[in-house]
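Asks: Sharing a structure here in structure tokens format.
The values are calculated or read from the model by the stated rules, or taken from the named source; none is laboratory data. This structure is a prediction, so every number in the text was calculated from the model and none was measured. Reconstructed Cβ throughout: ideal geometry from the backbone, glycine too, with neighbour counts over all protein chains shown. Ligands, DNA and RNA are stripped out before the accessible areas are found, and what is left, the full protein with its side chains, is counted by its heavy atoms. Shrake-Rupley method; radii C 1.70, N 1.55, O 1.52, S 1.80 Å.
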Amino acid sequence: MTLPLRTAHTADLDPADLRAARALLDEAFDGGFGDEDWDHGLGGMHALVHDDAGLAAHGSVVMRRIRHRGRWLRTGYVEAVAVRADLRRTGLGGRVMGALERIVDRAYDLGALSASEDGAPLYTARGWQQWSGQVCALSPDGIVRLPEEEGGVYIRPALAGPLDPARALVLDWRDGDVA
């Protein structure tokens, strides 16, 4: 049996959906998912899979701006992807990503995300490319390089076409983890 997948904007999720998503993320990241991380995953589209026990998988895509080669690209940034522990490695992460990738591919110039070592194989298997160039951010003090983020950012060119790793990605600024 295939579990149903639903996509909805944050505004269309009820408080129970949001509480369940936050609880899933807190569990999946073993307490390492903070309030700023949660905030980063809100305001865009969510993909949710439920089973009889509750929320089984979640992910979201939010709009950000990333500058590359002097052009600000409308970027679908993937956030808050998690699968409940008892259902990991069953394909639910791939189903959630498929729904989010459809949104990225049709609505954004670029897809981007920051991956942990554990999460990276899911994304690379789906065609996401590890960014080999510099990663910077437009901070309140100007453009700053983020060497700690380099190697952990993955992109999906979408409507923008190929990017040039000889030129930096400049992410818009936000509180908490910038990438």
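Asks: Size of the dipole of the stretch 1-157 about the Cα centre, Lys and Arg at +1 and Asp and Glu at -1 on the beta carbon, nothing else charged, in debye to 20?
Replies: Values: 18 positive and 23 negative charges, 184 e Å.
That gives the stretch 1-157 a dipole magnitude of about 880 debye.
Asks: Right, here's the next one. Can you give the accessible area of THR7, probe radius 1.4 Å, in Å² rounded to 10?
Replies: Its accessible surface works out to 60 Å², give or take rounding.
Asks: Right, something else. For the stretch 112-179, report the accessible area per residue in Å² (1.4 Å probe, heavy atoms, rounded to an integer).
Replies: Counting only protein heavy atoms, the per-residue value for the stretch 112-179 is 52 Å².
Asks: Related question: Eigenvalues of the Cα gyration tensor times 5, then square-rooted: what semi-axes does that give for the chain, in whole angstrom, largest first?
Replies: 27, 17, 15
Asks: Still on this structure: Can you show me the helix-derived [θ] at 222 nm for the chain, built from DSSP H runs with n ≥ 4 at -39,500 (n - 2.57) apiece and divided by the number of residues, rounded to the nearest 500.
Replies: -7000 deg cm²/dmol
Asks: Related question: Please compute the contact order of the chain in relative form: average sequence separation of alpha-carbon pairs under 8 Å and at least six residues apart, divided by the residue count, as a percent.
Replies: Result for the chain is 20 percent.
Asks: Grab the Cα-Cα distance for TRP72 and GLN134, subtract it from 0.36 nm times how many residues apart they are, and report the gain in nm with one decimal.
Replies: Numbers: separation 62, 0.36 × 62 = 22.32 nm, distance 1.60 nm.
Length difference between fully extended and current span is 20.7 nm.
Asks: Per the Debye formula with a single identical scatterer at each Cα and no solvent contribution, what log10 I(q)/I(0) holds for the stretch 86-179 at q = 0.19, 0.21, 0.22, 0.25 Å⁻¹?
Replies: For the stretch 86-179 at q = 0.19, 0.21, 0.22, 0.25 Å⁻¹, log10 I(q)/I(0) is -0.97, -1.13, -1.20, -1.37.
Asks: Right, another one. Relative to the present Cα-Cα distance, how much length would full extension add between ALA8 and THR90 at 0.36 nm per residue of separation?
Replies: Separation in residues times 0.36 nm, less the Cα-Cα distance, equals 27.3 nm.
Asks: Still on this structure, please answer the following. Run the dipole for the stretch 1-61 about the Cα centre, Lys and Arg Cβ at +1, Asp and Glu Cβ at -1, nothing else charged, and hand back the magnitude in debye, nearest 20.
Replies: 240
Asks: Give me the distance in nm between label points sitting 7 Å out from Cα along the Cα-to-Cβ direction at ALA107 and ASP172, one decimal.
Replies: 1.4
Asks: Heavy atoms only, probe 1.4 Å: what % of the accessible area of the stretch 1-160 goes to carbon and sulfur, would you let me know?
Replies: Carbon-and-sulfur percentage of accessible area, whole number: 48.
Asks: Along the positive direction of the dipole of the stretch 66-179 (beta-carbon charges: Lys, Arg +1; Asp, Glu -1; about the Cα centre), which of GLY91, VAL78, TRP131 reaches farthest?
Replies: GLY91
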